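The values are calculated or read from the model by the stated rules, or taken from the named source; none is laboratory data. Owing to the predicted nature of the structure, the values given are computational and were not obtained by experimental measurement. Don't worry about glycine lacking a Cβ; one is built from the backbone with ideal geometry, like all the others, and counts go over all protein chains shown.
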Amino acid sequence: MATKTLEKPTSQQQEKDKRFKILDVVIKKNHCRQDALIEVLHKAQSTFGYLEDDVLLYIARQLKLPPSEVFGVATFYHLFSLKPAGAHSCVICLGTACYVKDSPRLLEELAVSFNLHPGETTPDGKVSLMTARCIGACGLAPAAIFDGKVCGKQTPESVRTQVQNWLEE
């Protein structure tokens, strides 16, 4: 596994960025306890949008934890993101009904057409692709969620068209 070096933010940068003050409230509420790391990471992600290197290092210092431990937790749990999300989101359901109705072909189409794979965002930051175990729309299989809207009976062509439209905006 590759190691990651976190760059130390300057205190001036942190003083200018009010989001660090929001993070401080959660850290202080938890009395700087190390076992509050996941709660602090959740707040950091909701405040910053994703977990930037300087935020991870700041959390490590505030909770008196090694940066490697904070980074390890942030990368272990799939709910945390180290990259900003795209302007649009596409979630492909891989639940049993959708899988049987060929949802992997939807992912294959996006990989072939746009070199976009689950967990990635297009280089221009327009589209993020994710998968879900089940979105509860089994009767609509195969299903996808485009910017929060559930869409059923998807085909490789319909998914490609939606993503293409977003990329052309």
Residue 64, sole failed condition from (1) farther than 30 Å from residue 161 by Cα; (2) buried (at least 18 other Cβ atoms within 10 Å of the Cβ): (2)
Segment 117-143, residues that are under 13 Å from residue 88 (Cα atoms) and among the aliphatic types (A, V, I, L, M): 127, 129, 130
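Could you list, in sequence order, all residues of segment 48-76 that are of a type in the set (Phe, Trp, Tyr) and within 19 Å of residue 129 (Cβ to Cβ)? Talk me through it step by step, then tell me what you get.
Start the filter on segment 48-76 by keeping residues that are of a type in the set (Phe, Trp, Tyr), which leaves 48, 50, 58, 71, 76.
Once the filter is applied, which keeps residues that are of a type in the set (Phe, Trp, Tyr) and within 19 Å of residue 129 (Cβ to Cβ), segment 48-76 yields only 50.
With within 30 Å of residue 40 (Cβ to Cβ) and either in contact with a His (Cβ under 9 Å, 6 or more places away or on another chain) or among the acidic types (Asp, Glu) (or both) as the only criterion, which of 127, 163, 91 stands out? Give the derivation first.
Numbers: 163 fails: within 30 Å of residue 40 (Cβ to Cβ); 91 fails: either in contact with a His (Cβ under 9 Å, 6 or more places away or on another chain) or among the acidic types (Asp, Glu) (or both).
Of 127, 163, 91, the one residue that is within 30 Å of residue 40 (Cβ to Cβ) and either in contact with a His (Cβ under 9 Å, 6 or more places away or on another chain) or among the acidic types (Asp, Glu) (or both) is 127.
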Any pair with Cβ under 8 angstrom, 6 or more apart, that starts in segment 20-34 at a residue that is outside any helix (DSSP H, G or I) and ends at one that is modelled with pLDDT of 90 or more: 30/36; 30/39; 30/40; 32/62; 32/63; 32/64; 33/63
Segment 114-163, residues that are over 20 Å from the mean Cα position of the chain (by Cα), among the polar types (S, T, N, Q) and exposed (fewer than 13 other Cβ atoms within 10 Å of the Cβ): 161
Whichever residue in segment 38-61 is surrounded by fewer than 18 Cβ atoms within 10 Å (Cβ to Cβ) and small (Gly, Ala, Ser) and, among such residues, is nearest to the chain's Cα centre (by Cα): 49
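Would it be correct to say that residue 6 is at pLDDT below 90 and either in a loop (DSSP other than H, G, I, E, B) or touching a strand residue (DSSP E or B) at 6+ places or on another chain (Cβ under 6 Å) (or both)? If you could, list the steps in order and put the result at the bottom.
Values: at pLDDT below 90: yes; either in a loop (DSSP other than H, G, I, E, B) or touching a strand residue (DSSP E or B) at 6+ places or on another chain (Cβ under 6 Å) (or both): yes.
In short, yes.
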